[in-house]
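The values are calculated or read from the model by the stated rules, or taken from the named source; none is laboratory data. Predicted model, so just to flag it, every value in this text is computed and none were measured. All Cβ positions, glycine included, derive from the backbone under ideal geometry; neighbour counts span all protein chains shown.
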Amino acid sequence: MRAELYELADANFQRGDRFETIGCRPVAGVARVLVGKGERMAITEDRVRTFDSTSPATGEVVGTFPVDGPEEVAAAVARAREAAAGWAGLGFDGRRRALLAYKALLVRRTDELVALVHRENGKPDADALIEILMIVEHLDWAARNAARVLGPRRARGNLVLANHAASVEYQPLGVVGVIGPWNYPVFTPLGSIAYALAAGNAVVFKPSELTPAVGCLLADTFAEAVPAHPVLQVVTGDGTTGHALCLAGVDKVALTGSPATGRQVMAACAERLTPVVLELGGKDAMIVDADADLDAAADQAVWGGMANAGQTCLAVERVYVVDPVYDRFLAKLVERAARIRPGGGPGADFGPITLPRQLEIIQRHLDDAFARGARALVGGPDAVRPPYVDPVVLVDVPPDALVMREETFGPVLPVTRARDADHAVALANANPYGLGAAVFAGRRADRIARALRSGMTSVNSVLTFAGMPSLPLGGVGESGFGRIHGPDGLREFARSKAITRQRFPLPFPMQSFDRPGYVLPAVKLAMKLRHGRAPRR
Ligand code: NAD
């Protein structure tokens, strides 16, 4: 098996030498074949399987990483568990300082990170930068707000237990397994990692097999910024490594991925009753009402549907426009969508499709839509030009077409005419996914936003909620459950701990075998007086 030791390129390896690191990952192996000055080598030990991470635009190998199996995953969990106690012991203040140091180092490394995301994921530098900007705000918020959200606070007692004081606090779970996707390789995993660490946990992170180098850089940066607390461990590999992490005795698993993987993760975690938080796919709808700003709506539909080549869980994948403004909106949308171009160079609006098999899915969705009578106003049946997909705007797409039901994950926007706002909401809600949504409207905006079956809805913009650290993020139905970000996201990685303290004993104890005979009838009478009356109209 071949492996590229890019960090050890100058090392003077000889055939048969033992080595202990590969890339950023600690593994052991034996050198068998050397090419050049130790840049490429094969490994004889069977247990060191490796995989290449390649640029989707050029095919260039970005790095080679071990496929960690149950043994390596268990070792990473053990390292994390050992470090967890010291991290929890730092307290909120110490962790705040450590996480802010991590944030600052990440920010100083922005150019390196942007370049690596571009190479490994394919997205343009601008998209990579936006991703980093957004997560920096989350890191900052989680670090600064964990004490307020999770720290001990007094709870109100009730009349019956008036002699007790009460408090609640949120304690760390221990070790959290974070399994990430490739489409936002910085923003998405750190959206769980930052909150889990701020809550006092250690983390074992398995980045997507498509973006392991980015994952390792995130972990290496943490190790450099917070050397005394190795609480961000990384394991690399494909779904088998993720599966091993689910079975490794971690205290929670946070997956961001597809619904199919969500089911597998939940089934694996069921074995040890390991709790899970699942951030899964989406088929987000945008609704354009009659009094919307149509220029803004068209601009945001194109951005929301096609930025990052549509490879966004919260991408606009369906647009419903009320009849009175349908034609005018469509003209504006078509004009804008026809102007944007994919590519690998600096002028491109979006990059290649990162996951090669996604190209087949996009083609299938297009073929199915055209076979069912859809028309393309931008792009067409030949929009898929591997590794790129040109923008496509579709109309006359029946609701049962694949492109209306399943996640397309490409720059494809089907637009549907609705009678009115209620009709648009009904059409939008008739889908098993329920991640985000967007509304462009005036008077009815809030009502529509509430009626949409989604975890988040933005009014007169798209995806805004993802960049707002004080808000929770998560879906319903096929989009998963649990929440990351915001106070809910901190509590997702903590367990509540309730404490009562008796301040003084009652003269007639209720919870005692020595209870006098008159106590229960007296309590019953008090209960009837307090709770037995019907509420006033
Ligand atoms: P995926 O489900 O194929 O893989 C996600 C991760 O799970 C990868 O690291 C993968 O190696 C791992 N994995 C695969 N099988 C596993 C198993 N049996 N056990 C444990 N881990 C396993 O998803 P993807 O293609 O990497 O990402 C795209 C998907 O992620 C889309 O559906 C997208 O909508 C979704 N996503 C959701 C959000 C959100 O916040 N809700 C954000 C980004 C992406």
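Yes/no per residue for (1) over 25 Å from Ala376 (Cα atoms); (2) more than 16 Å from the ligand (Cβ to nearest atom):
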| residue | (1), (2) |
| --- | --- |
| Val397 | no, yes |
| Ala401 | no, yes |
| Gly410 | no, no |
| Pro414 | no, yes |
| Asp422 | yes, yes |
| Asn431 | no, no |
| Leu435 | yes, no |
| Val439 | no, yes |
| Asp446 | yes, yes |
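Is it the case that some residue within region 198-211 is farther than 20 Å from Glu492 by Cβ, surrounded by fewer than 20 Cβ atoms within 10 Å (Cβ to Cβ) and either more than 7 Å from the ligand (Cβ to nearest atom) or of a type in the set (A, V, I, L, M, F, W, C) (or both)?
No, that holds for no residue.
Going through region 218-235 one residue at a time, which ones are closer than 14 Å to Arg109 by Cα, of a type outside the set (Gly, Ala, Ser) and within 16 Å of the ligand (Cβ to nearest atom)?
Leu218, the sole residue that qualifies.
Scan region 84-94 residue by residue and report those that are crowded, with 19+ Cβ neighbours inside 10 Å and within 15 Å of Pro227 (Cβ to Cβ).
Listed by number, the list holds a single entry, Trp87.
Among Asp291, Asp327, Asp295, Asp299, which is more than 10 Å from the ligand (Cβ to nearest atom), assigned to a loop (DSSP other than H, G, I, E, B) and farther than 24 Å from Ala494 by Cα?
Of the residues listed, the single one that is more than 10 Å from the ligand (Cβ to nearest atom), assigned to a loop (DSSP other than H, G, I, E, B) and farther than 24 Å from Ala494 by Cα is Asp291.
Results for (1) buried (at least 16 other Cβ atoms within 10 Å of the Cβ); (2) in contact with a Ser or Thr (Cβ under 9 Å, 6 or more places away or on another chain); (3) in contact (Cβ under 8 Å) with a residue 24 or more places away in the chain, shown as yes or no for each residue.
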residue: Arg419; (1), (2), (3): no, no, yes
residue: Tyr433; (1), (2), (3): yes, yes, yes
residue: Val476; (1), (2), (3): no, yes, yes
residue: Arg483; (1), (2), (3): yes, no, yes
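Just one of Ala445, Ala430, Ala424 is among the hydrophobic types (A, V, I, L, M, F, W, C) and under 25 Å from Gly486 (Cβ atoms); which is it? Don't jump to the end; show me each part of the working.
On the way: Ala430 fails: under 25 Å from Gly486 (Cβ atoms); Ala424 fails: under 25 Å from Gly486 (Cβ atoms).
Just a single option satisfies the conditions, and that option is Ala445.
If the Cβ limit is 8 Å and pairs must be 6+ apart or interchain, which residue in region 317-330 that is touching a residue at least 40 places away in the same chain (Cβ under 8 Å) and surrounded by 20 or more Cβ atoms within 10 Å (Cβ to Cβ) pairs with which residue that is acidic (Asp, Glu) and outside any strand (DSSP E or B)?
Close Cβ pairs (under 8 Å, with a partner that is acidic (Asp, Glu) and outside any strand (DSSP E or B)) amount to Glu317/Glu407; Val322/Asp289; Val322/Asp420.
Among the residues of region 487-506 satisfying the criterion of being assigned to a helix (DSSP H, G or I) and in contact (Cβ under 8 Å) with a residue 40 or more places away in the chain, which is surrounded by the most Cβ atoms within 10 Å (Cβ to Cβ)?
Within region 487-506, the match that is surrounded by the most Cβ atoms within 10 Å (Cβ to Cβ) is Gly489.
Strands (runs of 3 or more DSSP E) wholly in region 146-235 with at least 2 residues that are closer than 30 Å to Val523 by Cα, of a type in the set (Gly, Ala, Ser) and in contact with a Leu (Cβ under 9 Å, 6 or more places away or on another chain) - which ones?
Details: elements: 153-155, 164-172, 175-179, 202-206, 232-234.
Qualifying strands (runs of 3 or more DSSP E): none found.
Using the structure shown, decide if Arg79 is among the basic types (Lys, Arg), under 19 Å from Asp220 (Cβ atoms) and modelled with pLDDT of 95 or more.
On the way: among the basic types (Lys, Arg): yes; under 19 Å from Asp220 (Cβ atoms): yes; modelled with pLDDT of 95 or more: yes.
Considered against the rule, which asks whether it is among the basic types (Lys, Arg), under 19 Å from Asp220 (Cβ atoms) and modelled with pLDDT of 95 or more, Arg79 comes out as yes.
Residue under question is Asp140, and the condition is that it be over 17 Å from Cys216 (Cα atoms) and either among the charged types (D, E, K, R) or in a helix (DSSP H, G or I) (or both); does it hold?
On the way: over 17 Å from Cys216 (Cα atoms): yes; either among the charged types (D, E, K, R) or in a helix (DSSP H, G or I) (or both): yes.
When the stated conditions are applied, Asp140 passes them.
Is it the case that Asp368 is within 17 Å of Val325 (Cα to Cα) and free of Cβ contacts under 8 Å to residues at least 60 places away in the same chain? Quick ask: steps written out before the conclusion?
Values: within 17 Å of Val325 (Cα to Cα): no; free of Cβ contacts under 8 Å to residues at least 60 places away in the same chain: yes.
No: the conditions fail for Asp368.
Within region 236-265, how many residues turn out to be assigned to a helix (DSSP H, G or I), hydrophobic (A, V, I, L, M, F, W, C), more than 6 Å from the ligand (Cβ to nearest atom) and under 22 Å from Glu478 (Cα atoms)?
Going residue by residue through region 236-265, those that are assigned to a helix (DSSP H, G or I) are 239-246, 259-265.
Adding the requirement that they be hydrophobic (A, V, I, L, M, F, W, C) leaves 244-246, 260, 265.
When the remaining residues are screened for being more than 6 Å from the ligand (Cβ to nearest atom), the result is 244-245, 260.
Still in the list and also under 22 Å from Glu478 (Cα atoms): 260.
Looking only at that region, the number is 1.
Restricting attention to region 435-472, and to residues there that are small (Gly, Ala, Ser) and free of Cβ contacts under 8 Å to residues at least 60 places away in the same chain, which single residue is nearest to Cys313 (Cα to Cα)?
Of all residues in region 435-472, those small (Gly, Ala, Ser) come to 436-438, 441-442, 445, 449, 451, 454-455, 458, 461, 466-467, 470.
Going one step further and asking which of them are free of Cβ contacts under 8 Å to residues at least 60 places away in the same chain, we end up with 449, 451, 455, 458.
Details: Ala449: 19, Ala451: 21, Gly455: 13, Ser458: 15 Å.
Filtering first and then ranking leaves Gly455.
Are there any pairs with C-beta distances below 7 angstrom linking a residue in region 224-251 that is in contact (Cβ under 8 Å) with a residue 60 or more places away in the chain to a residue that is of a type in the set (Asp, Glu) and within 16 Å of the ligand (Cβ to nearest atom), with the two at least 6 apart or on different chains, and if so which?
From residues that are in contact (Cβ under 8 Å) with a residue 60 or more places away in the chain, the pairs are Val235/Asp68; Val235/Glu72; Thr236/Asp68; Gly237/Asp68; Gly237/Glu209; Asp238/Glu209; Thr241/Asp68; Leu247/Glu271.
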